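The structure appears right after this line, and notes come after that.
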Amino acid sequence: DVKVTQSSRYLVKRTGEKVFLECVQDMDHENMFWYRQDPGLGLRLIYFSYDVKMKEKGDIPEGYSVSREKKERFSLILESASTNQTSMYLCASSFLGAGGQPQHFGDGTRLSIL
Amino acid sequence: QQPVQSPQAVILREGEDAVINCSSSKALYSVHWYRQKHGEAPVFLMILLKGGEQKGHEKISASFNEKKQQSSLYLTASQLSYSGTYFCGTEYNNDMRFGAGTRLTVKP
């Protein structure tokens with residue numbers, strides 16, 4: 001079974017801090033994604049990556065950056081955390097290729113910014 | 001860019017049927033369907049590809065109208081375990097977007 005592991009289930013940080021959310025997958029997937037989940041808004045794409053050191057902006061990249069130095073790891077960085085970034089963050093991964101590939105999700109990190 | 005899902009919420013009795021719709025303004029390569037139970041990660045249900053191919057592993061059916069860029073998920077003879085939030089994801093050129101979700105509640 002595919003395993004997508006997010007480093008923390010719950011995280012509390014202060015306004016202005018630099019926050020790192022880590023995601024690791026064990027299936028050699030090329031694609032990795034970061035989503036933010038808020039009530040009524042569903043899953044909104046922040047960034048995705050289809051290869052090491054490659055990244056693409058999603059719909060809401062402002063205030064975030066990402067890093068993918070190794071194929072299995074995709075990090076989301078909140079450069080200077082703000083209270084409006086309090087949310088559930090979900091990481092996902094999938095194979096790259098034709099034929100539509102299912103995404104596999106981690107359990108999520110519930111982040112609170114005080 | 002997010003697809004539009006309808007309805008936002010639906011409440012059923014066990015054994016009843018439901019249809020969840022998903023529409024996009026973009027020409028799609030595929031449509032994905034996922035279910036998320038409270039406090040858990042979304043779980044893959046099905047992919048519908050342009051051209052009619054379907055990939056999935058649960059007893060749930062779906063359709064994909066390529067001309068209208070619409071997909072529907074059909075839940076028949078619902079069970080209590082079907083409760084959760086259903087998301088459609090629309091894929092275009094390796095780029096995925098999810099809808100806001102449909103909360104399905106099945107009552108005894």
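The values are calculated or read from the model by the stated rules, or taken from the named source; none is laboratory data. Quick caveat, the model's predicted, so the values are computed rather than measured. Reconstructed Cβ throughout: ideal geometry from the backbone, glycine too, with neighbour counts over all protein chains shown. Side chains included, ligands, DNA and RNA excluded: accessible areas come from the protein's heavy atoms. Shrake-Rupley method; radii C 1.70, N 1.55, O 1.52, S 1.80 Å.
Here are the numbers for this structure:
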quantity: Accessible area of residue A:73 in the full protein assembly, 1.4 Å probe (Å², nearest 10); calculated: 110
quantity: Å² per residue, accessible surface of the protein assembly as shown at 1.4 Å; calculated: 49
quantity: Those residues of the range A:33-57 for which accessible area with every protein chain present is at least 10 Å² below the isolated value (1.4 Å probe); calculated: A:33, A:35, A:37, A:40, A:41, A:42, A:43, A:44, A:45, A:48
quantity: Surface/4 estimate of mean projected area, convex hull on alpha-carbon atoms of chain A, nm²; calculated: 6.9
quantity: Within the range B:4-107, percent of DSSP bridges classed antiparallel, to nearest 5; calculated: 90
quantity: Net dipole in debye of chain B [+1 Lys, Arg Cβ; -1 Asp, Glu Cβ; about Cα centre; nearest 20]; calculated: 140
quantity: Viscosity 0.692 mPa s, 37 °C: Kirkwood-radius Stokes-Einstein D of chain B over Cα pairs, µm²/s; calculated: 238
quantity: Summed buried accessible surface, chains A and B, 1.4 Å probe, nearest 100 Å²; calculated: 1800
quantity: Cross-link pairs A:13/A:70; B:37/B:107; A:18/A:71 - those with Cα-Cα distance over 20 Å; calculated: A:13/A:70; A:18/A:71
quantity: Residue (of B:77, A:65, A:113) at the positive-pole extreme of the protein assembly as shown, dipole from beta-carbon charges; calculated: A:113
quantity: Values of log10 I(q)/I(0), in the order q = 0.14, 0.15 Å⁻¹, for the protein assembly as shown under a Debye, Cα-only, solvent-free model; calculated: -0.85, -0.97
quantity: Accessible-area composition of the range B:4-107, carbon plus sulfur, in percent [1.4 Å probe]; calculated: 49
quantity: Part-to-part distance (alpha-carbon centres) for the range B:59-103 and the range A:38-114, which is given in Å; calculated: 21
quantity: Computed magnitude of the charge dipole of chain A (debye, nearest 20; Cβ of K, R +1, Cβ of D, E -1); calculated: 300
quantity: Reciprocal mean inverse distance between Cα atoms of the range A:1-50 - Kirkwood radius, Å; calculated: 13.0
